[in-house]
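Nothing in this text is a laboratory measurement; each read-out follows from the coordinates by a stated rule. No experiment lies behind these values; they were computed from the predicted model shown. Because the Cβ atoms are built from the backbone with ideal geometry, glycine has one as well, and the counts that use them run over all protein chains shown.
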């Protein structure tokens, strides 16, 4: 799971535990991620119509190619996930 935190805050272990507890209580244990990472402030890819592009991130993490970078308002945001993919393998 990748999360954005408010400016001036960092994703520390306490916050990770709180996120996991909240997901476990509000949804179910199967929704609790094993890993949680902090995305950079500009790290969420968006289309030009301001929709989040989660599928592109999923493709990158699973080793697939993202072919529609031109459809993104901020295609450089995908570079963070390319680096993370290498660290996760």
Please work out the FRET efficiency for the pair residue 89 and residue 10, using the Cβ-Cβ distance as r and a Förster radius of 22 Å; give the result to the nearest 0.05.
0.35
Report, in deg cm²/dmol and to the nearest 500, the calculated mean residue ellipticity at 222 nm for the chain, where each DSSP H run with n ≥ 4 adds -39500 (n - 2.57) and the sum is divided by the residue count.
-11000 deg cm²/dmol
Quick one: helix 13-26 against the long Cα principal axis of the chain, what's the angle to the nearest 10°, folded into 0 to 90?
80 degrees
Of (1) 36; (2) 25; (3) 43, the label for percent of Cα pairs over 20 Å apart derived from the coordinates
(3)
On Cα atoms only, tilt of 78-88 relative to the major axis of the chain in degrees
50 degrees
Whole Å is fine, so just give me how far the alpha carbon centre of segment 8-65 lies from that of segment 66-89.
14 Å
Could you tell me whether segment 41-89 comes out rounded, prolate or oblate from its Cα gyration tensor? Rule is a ≥ b ≥ c as square roots of the eigenvalues, rounded for a/c under 1.5, then prolate if a/b exceeds b/c, otherwise oblate.
prolate
Full-stretch length increase - residue 22, residue 62 - with 0.36 nm per residue and alpha-carbon distance subtracted:
11.8 nm
Taking 7 Å along the Cα-to-C-beta vector as the label spot, tell me the residue 48-residue 74 distance in nanometres, rounded to one decimal.
1.8 nm
